[in-house]
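Asks: Here you go, one structure.
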Amino acid sequence: MKKLHYIFMILMSIVSFFTLQSVNNNESGNKAWNTCAGAGCHNSSSATTVASISLLDSITNLPVTEYEGGKTYKILMTGNNTSLSQFGFQLRETNNKGTFGNFPTNVGRQASGFITHSSRLNKTNLIFSVQMTWKAPAAGSGTVSFDGLINAVNGNGNNSGDAVSAVKTVSYNEKVVTTFALTCADASSIGTLTKNVAASGASFTLPYTGATTNSSYSAVNVSSTGVLGLTARLTAGTFPSASGNLTLSITGTPTSNGTASFLVNIAGKTCTLTKTVSAGSSIISNESNPFQIHFQNNILSIEGDQANQIQSISAFDLNGRIVYNKEIHSQSNKLLINNINLNKGMYVFKIQKANGESFSKKLMIQ
């Protein structure tokens, strides 16, 4: 008899040990999912409600509408019963894709896969509230759903007077996360660049995708390689939409002809943009023309029986840059144009007639 009593005491000690372990580890009892409501346990009641099951950003504590794969969130379940101030609960992710953690006191994972209480919980700020973390599954897992119920209790030590809510279900779709990229292959440009001529009206159009709307990007000022002397510029700003175009202006004066290259970095992504620089217009002097052209003491003289048909006169340096231009409205066969200030060197003077004919002549200015 003493032996049987001894064995019974040992068994009770073992049961007590595991029961205490269960409580100390915030584990709950042995109730299956949603079996607390009904005969033999607690009564279902519309007086108890689950107000919300929400995923919160772990940093901002703001609710999210979608989840990102692999990211950890706070999950908050709230509810209410105006008459009762203590409660128990059950919460599960029906898909079992993510991982719950950081359980508060007297809360833990049930063996059958849901989260519940190990002893009564108290209202917080007049509502039933329980919060823990939930780590989302890997990207590509798709929609996840959560079920939750709350049992409002009166703490009388038995089931009478308790009230279990209906199950509330919420679902979250996976957020499709796009990666910002510059579409370098589709970049285009406008305007022309000429050796030794200051850039004017030249720019690149660079498409992008995957931007976060209204996120900011820094200014870009990139000097050219290959052909030197140019800069590609982008003013700092924000992306107006997820995809679109950025415009980079080209400034400066190219020092040679060839290809100017610009390695730009925008929001951490790089792209090499190129632009051709021409050597300039090649103006050939036509010595056999109906005009006699002379330049001396900053005075250009033009004579000929067609001089009264001249519409304009231009002067170019040997790089093709226009250095002088004047519209002409003369009725005389001899023109004198004063105050043409040009440095010493070789120039090409081009005469344009009203009928479209043009003639040119090289002149050395001493």
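Read-outs throughout are calculated quantities, based only on the coordinates presented, and are distinct from any laboratory measurement. No experiment lies behind these values; they were computed from the predicted model shown. Don't worry about glycine lacking a Cβ; one is built from the backbone with ideal geometry, like all the others, and counts go over all protein chains shown.
Asks: Filter the GluC sites (Glu not before Pro) in region 293-366 down to the DSSP loop ones having no more than 15 other Cβ atoms within 10 Å, then list what survives. Provide the component values of the computation, followed by the final result.
Replies: Working: sites: GLU303, GLU327, GLU357; in loops: GLU357.
Here the GluC sites (Glu not before Pro) that fit, given the DSSP loop and packing criteria, are GLU357.
Asks: Take the Cβ-Cβ distance between THR192 and ASN355 as r, set R0 to 35 Å, and report the resulting FRET efficiency rounded to the nearest 0.05. Please list the in-between numbers first.
Replies: Values: r = 28 Å, r/R0 = 0.80.
Efficiency for this residue pair is about 0.80.
Asks: Taking LYS334 as the anchor, which aspartates and glutamates have their alpha carbon closer than 18 Å to its alpha carbon, excluding any fewer than eight residues away along the same chain?
Replies: Counting by Cα, and skipping residues close in sequence, LYS334 has these aspartates and glutamates nearby: GLU303, ASP305.
Asks: What distance in nm separates the simple spin-label points at SER119 and MET346, each placed 7 Å from Cα in the Cβ direction?
Replies: So the two model labels end up 10.3 nm from each other.
Asks: If you don't mind, another one. Return the subset of LYS135/LYS175; LYS326/LYS350; LYS71/LYS175; LYS326/LYS353; LYS195/LYS269; LYS74/LYS97 for which the Cα-Cα distance in this structure is over 19 Å, preserving the input order.
Replies: In this structure, LYS195/LYS269 exceed 19 Å between Cα atoms.
Asks: Here is a further query. Measuring from label point to label point, each 7 Å out along Cα→Cβ, what is the SER223 to ASN43 span in nm?
Replies: With each label point 7 Å from Cα toward Cβ, the separation is 8.6 nm.
Asks: For GLN292 and ILE59 in the same chain, what is the full-extension length gain: residue separation times 0.36 nm, less their Cα-Cα distance, in nm? Numbers along the way, then the final one.
Replies: On the way: separation 233, 0.36 × 233 = 83.88 nm, distance 8.35 nm.
Full-extension gain reported as 75.5 nm.
Asks: Express in nm, to one decimal, how much length is gained between THR212 and SER171 on full extension, taking 0.36 nm for each residue of separation and deducting their alpha carbon distance.
Replies: 12.3 nm
Asks: Right, another one. Given a Förster distance of 56 angstrom, what is the FRET efficiency for THR72 paired with ASN319, based on the Cβ-Cβ distance and rounded to 0.05?
Replies: E(calc), rounded to 0.05, equals 0.30.
Asks: Give the aspartates and glutamates reachable from LYS344 as a straight Cα distance under 16 Å; neighbours fewer than 8 places away on the same chain don't count.
Replies: ASP317
Asks: Per the helix-only calculation at 222 nm, which mean residue ellipticity applies to the chain, given -39500 (n - 2.57) for every DSSP H run of n ≥ 4 and division by its residues, nearest 500 deg cm²/dmol?
Replies: Estimated from H runs of four or more residues: -2000 deg cm²/dmol.
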